[in-house]
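Scroll down for the structure; my scribbles are underneath it.
Please treat every number below as a calculation from the coordinates, not as lab data. Quantities reported herein were computed from a predicted structural model and do not represent experimental measurements. Backbone-built Cβ (ideal geometry, glycine too); neighbour counts: all protein chains shown.
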Amino acid sequence: MEHEAADEQLQLKAAIWRTVDQIARAEAEKMGKTVSQGFVSSLADIVYAQAVTMATDLEMFAKHGRRSTISMDDVKLCARRNDNLHELITEAAQKISRKK
């Protein structure tokens, strides 16, 4: 069981690294710059750590609301300190609710 969890964690970290690498290289190319593997690795580590923190917060918000399912309001609550992110999430939530 622990081996499977560790394997899933490695797969997730690898997927995050690939995505960060693609985005960083594309953005650097637009600016006529390059990015090092060290930069990509450091940024991927930060993204992973932030995702872990956010996942923990989301679980706690749902638990505090006596729910077993994370809601869109929980996600908005996670983004409350970042106005731009909160606005993007709110807009995405509105689009999703209109599609239902």
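Structural remarks
- The dipole here belongs to the chain: it is taken about the Cα centre, uses +1 on the Cβ of Lys and Arg and -1 on the Cβ of Asp and Glu, and is about 540 debye.
- Point-charge dipole on Cβ atoms (K/R +1, D/E -1) for the range 40-82, about Cα centre, debye to 20: 220 debye
- Charge context of S41, other residues only, Cβ under 13 angstrom, K/R +1, D/E -1: 0
- From its DSSP helices (H runs of at least four residues, each -39,500 (n - 2.57)), the chain gives a residue-normalised ellipticity at 222 nm of -28000 deg cm²/dmol.
- Between the listed residues Q9, A28, T69, the Cα displaced farthest toward the positive end of the dipole of the chain, a dipole computed from Cβ unit charges relative to the Cα centre, is found at T69.
- In the chain, the longest principal axis of the Cα atoms and the axis of helix 2-30 are about 60 degrees apart.
- Ordering of 48-54, 63-69 by burial proxy (mean other Cβ atoms within 10 Å per residue, highest first): 48-54, 63-69
- With Cα atoms, 0 to 90° folded angle of helix 37-64 axis to the chain main axis: 10 degrees
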